[in-house]
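Worksheet: one structure, shown below.
The values are calculated or read from the model by the stated rules, or taken from the named source; none is laboratory data. This one's a predicted model, so the numbers in the text were calculated from it and none came from an experiment. Cβ sites come from the backbone with ideal geometry, for glycine too, and all protein chains shown count toward neighbours.
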Amino acid sequence: MNNETNTSPGKNVLVEDYNNNYKEIFKQTPDFINNIRQTSFKEFDLSGLPSKKDENYKYTNIEAAFLGAYKRQFSKQKLTIDVNEVFKCDVPELDNYLVLVNGWFYEKEKLLTKYNNGAIIGSLIEASKQYPEIVKKYYGKNLTKQKNSLSSLNMAFAQDGLFVYLPKNIIINEPIQLINLIVATEELMVQPYNLIIAEENSSANIVICDHSLNPQSFLLNSTFEVIANKNSKLEIYRQQNAHDHSVQITNTFISQKENSFVNSVNITLNGGTVRNNLYVELNEPHAINKSYALWLADKNQHFDNNVHVHHLSPECESFQLYKGIVDNSSTGIFSGKILVDKKAQKTLAFQSNKNLLLTNDAKVRSKPQLEIYADDVKCSHGSATGQLDEDAMFYLRSRGISKKESCQLLMQAFADEVINKILLEPLRNEINNLVEKRLRGELSRCNRCKVNCGQ
Amino acid sequence: MLSIKKLKVSINGKPILKGINLEVKAGEVHAIMGPNGSGKSTLAAVLAGRELFEVTSGEVIFEGKNLLELLPEDRARMGIFLGFQYPIEIPGVSMVNFMKTAVNEKRKYQNLPLLSSSDFLKLMREKKELVEIDSQLTNRSVNEGFSGGEKKKNEIFQMAMLEPKLAILDETDSGLDIDALRIVANGVNKLKRPDSATIVITHYQRLLDYIIPDIIHVLYNGQIVKTAGKELAFELEEKGYDWIKKEFAE
Ligand SMILES: Nc1ncnc2c1ncn2[C@@H]1O[C@H](COP(=O)(O)OP(=O)(O)O)[C@@H](O)[C@H]1O
Ligand SMILES: [Mg+2]
């Protein structure tokens, strides 16, 4: 990091805003979090927003994305709508969900629940007050090595977010679902921070769905910190489905201990500018991480997916499959890195990016990288970008299937490879339907949900 | 049913078919034989609508329609079926979904009601038995990881599902052992109807022990150089193609 302070109009507004409002911001959270806000703010002030000169942001103009006249909420604002009126998720088995509206929890009865088995699920802010010893132990502790200026920004302004605590030996079979809803009446910047902790031998499925309710532009800058302790097992599914005037930035930090297993699937159905960063650290032997992503971009949408996997310990496995379909004049970007430390012998690591390019105007950038310092490893990476296979098209059409339907079958087949990694059946079926509709150019609305995503 | 007149086809400016004439009537079985590289697969692909090839002159009339101006899918719906010499593997597209879409697209074209899932599965079961295809194969992706023989049987299975008027089988026999050959030939024979016709393209006389052709054509260097009854197959089996090559050398 250089010592010169980076300035940009977007950054200056944020710095000013923080300085003017930190008292109100600090009222939300206990001191231990506010201390982290302070250090995070200093980090952000020093580094500024990533510029296009930054190799990691070469193709995505973050400075420009921050130029909107975004308003920020420093404390929970009164809601003018009834969430249950406007939003309903009726996917079977996904009917018990938490709703985060513009970065805050509004349902008092569901704010934070401690279950009989000891699991704690709900509002992070509430948890930091009721269970400070648990939150303090993990909050911001596992992202120091990779923390970037966008996550620093998030943690300075951090609003509420999902808190999941799975005590030792607790297995939760029902999915834990969060609906991340943006209901903006003016241009809004929303910055939730989410913390997921799986203690030894625990296991859960977590489903996160991002939706926007009206076509007002917004910027969502979220952080997820995930800690998978020894022998724990987590499935994390995320669906991003917001309209074309949105900027969605996510930094996910996954830190894994011995023999833990984390499977994550990220589906980007819609959005304006999307930037997803996933950082995985495999800290102890036999940890396994699998990460999958699928993005479907059209019009002028710009989706940028990054993954960084760090093998710090021997005998761990990591596997990434990132696939994009880009149509019209959209852009799909993949950048991946597997870093294998010298002592991380017997590492197995595979990374693959595949892109389907549907037009001449659509753009794909792909940069898979390996950086290996151990000598006894099995690693590979690859990237392939192409159009729909002509031989396959002719084969399908020669059986009477129209050109359009043949394209549809081939695109769905391409997407299925990622969707099939969603082990939660009702969610998989729902995502399948949404992807099918999305690829047909129909509005991808979940079942009878009233939210107009992707408009 | 099918009338090909003076058909000339090239690829990248290189002439491949140099004036083909062929008449096929309902109920007939034609065999097209000839050495490798003669243009047999090109002819089959052009009839099915492959756009890779450029038709430079000639005409093809199928059931009174100018076939050459139709899209491949419309030709298929009218009843043309191409059994591929090299069937394509399509990972991720399930056999069931593929066939269901194909069958229903054809029914739409014929103004018939779409098949329900249970009726469709029943039809699949019937046809699978008819062509003795391994039940498991239809649970997989189209041709993915199928052995050579399985791919060929799958072509016949698709033909059975689609009940074409004109089936063009491009070397469906090559690479098959005797048992598979018998099954494939049986399938073809069982599916024969008085109002349908078959063109079998083959390299060997072997298949013609099982599928008895009415007429045999020899295609050589982009032209049909001989047309005769089934006895021609025995002559070719005995003498090979060398005499043809000599007789019609450029
Ligand atoms: N895609 C292609 N590109 C270029 N030449 C081709 C292509 N397909 C076929 N040919 C040429 O056309 C000729 C006829 O090929 P083909 O129709 O496959 O013959 P056959 O099926 O009788 O063995 C050969 O000379 C072959 O090299
Ligand atoms: Mg051939």
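Quick notes
- Residue match in the range B:138-147 (condition: under 23 Å from residue B:80 (Cα atoms) and within 16 Å of ligand 2 (Cβ to nearest atom)): no
- Per-region count, the range B:24-46, residues away from ligand 2 (no atom under 11 Å from the Cβ) and over 23 Å from residue B:210 (Cα atoms): 1
- If only residues of the range B:78-93 that are over 14 Å from residue B:158 (Cβ atoms) and crowded, with 18+ Cβ neighbours inside 10 Å are counted, the one that is farthest from the other protein chains (Cβ to nearest Cβ) is B:85.
- The range B:141-170, subset of a type in the set (Val, Ile, Thr) and within 11 Å of chain A (Cβ to nearest Cβ), residue nearest to the chain's Cα centre (by Cα): B:168
- Odd one out for residue B:75, checked against (1) within 14 Å of another protein chain (Cβ to nearest Cβ); (2) within 14 Å of ligand 2 (Cβ to nearest atom): (2)
- Here the range B:32-50 is the region considered, the condition is being hydroxyl-bearing (Ser, Thr, Tyr) and more than 11 Å from the chain's Cα centre (by Cα), and the residue that is nearest to the other protein chains (Cβ to nearest Cβ) is B:42.
- Restricted to the range B:154-250, the set of helices (runs of 4 or more DSSP H) holding at least 2 residues that are away from ligand 1 (no atom under 16 Å from the Cβ), in contact (Cβ under 8 Å) with a residue 12 or more places away in the chain and surrounded by 19 or more Cβ atoms within 10 Å (Cβ to Cβ) comprises B:178-191, B:231-239.
- Single match in A:239, A:216 (criterion: in contact (Cβ under 8 Å) with a residue 24 or more places away in the chain, in a loop (DSSP other than H, G, I, E, B) and touching a Leu at 6+ places or on another chain (Cβ under 8 Å)): A:216
- Looking across A:23, A:11, one residue alone is touching a Leu at 6+ places or on another chain (Cβ under 7 Å), farther than 25 Å from residue A:208 by Cβ and not in a loop (DSSP other than H, G, I, E, B). It is A:11.
- Residues in the range B:1-29 that are surrounded by fewer than 22 Cβ atoms within 10 Å (Cβ to Cβ) and either among the polar types (S, T, N, Q) or touching a Pro at 6+ places or on another chain (Cβ under 6 Å) (or both): B:3, B:10, B:12, B:21, B:27.
- The listed residues are B:111, B:104, B:97, and the only one of them that is surrounded by fewer than 20 Cβ atoms within 10 Å (Cβ to Cβ) and over 24 Å from residue B:196 (Cβ atoms) turns out to be B:97.
- Only one entry in A:312, A:370, A:358 is more than 21 Å from the chain's Cα centre (by Cα) and within 27 Å of residue A:61 (Cβ to Cβ), namely A:358.
- Residue B:199 being under 17 Å from residue B:168 (Cβ atoms), in contact with a His (Cβ under 6 Å, 6 or more places away or on another chain) and within 16 Å of ligand 2 (Cβ to nearest atom): yes
- Being touching a helix residue (DSSP H, G or I) at 6+ places or on another chain (Cβ under 8 Å) and more than 7 Å from every other protein chain (Cβ to nearest Cβ) is a property that residue A:436 has.
- Residue B:96 within 14 Å of chain A (Cβ to nearest Cβ), more than 16 Å from ligand 2 (Cβ to nearest atom), assigned to a helix (DSSP H, G or I) and not hydroxyl-bearing (Ser, Thr, Tyr): yes
- Here residue B:138 passes the criteria (1) touching a residue at least 40 places away in the same chain (Cβ under 8 Å); (2) within 9 Å of another protein chain (Cβ to nearest Cβ); (3) buried (at least 18 other Cβ atoms within 10 Å of the Cβ) except the one numbered (2).
- Listed conditions (1) assigned to a loop (DSSP other than H, G, I, E, B); (2) in contact (Cβ under 8 Å) with a residue 60 or more places away in the chain are all met by residue B:144, apart from (2).
- Complete set of residues in the range A:411-424 that are at the interface with another protein chain (Cβ under 7 Å from one of its Cβ atoms) and either buried (at least 22 other Cβ atoms within 10 Å of the Cβ) or in contact with a Leu (Cβ under 8 Å, 6 or more places away or on another chain) (or both): A:414, A:417
- Residue count, the range A:313-350 (criterion: within 21 Å of residue A:411 (Cα to Cα) and assigned to a strand (DSSP E or B)): 11
- The single condition among (1) under 14 Å from residue A:157 (Cα atoms); (2) surrounded by 14 or more Cβ atoms within 10 Å (Cβ to Cβ); (3) at pLDDT below 95; (4) not aromatic (Phe, Trp, Tyr) that residue A:29 does not meet is (3).
- Candidates are the residues of the range A:383-406 that are at the interface with another protein chain (Cβ under 8 Å from one of its Cβ atoms) and touching a Gly at 6+ places or on another chain (Cβ under 9 Å); the one that is farthest from residue A:370 (Cα to Cα) is A:398.
- Scope the range B:160-204; condition at pLDDT below 85 and of a type in the set (Asp, Glu); matching residues: B:173, B:177, B:179
- Flag if residue B:58 is more than 8 Å from chain A (Cβ to nearest Cβ), surrounded by fewer than 21 Cβ atoms within 10 Å (Cβ to Cβ), at pLDDT below 95 and touching a strand residue (DSSP E or B) at 6+ places or on another chain (Cβ under 8 Å): no
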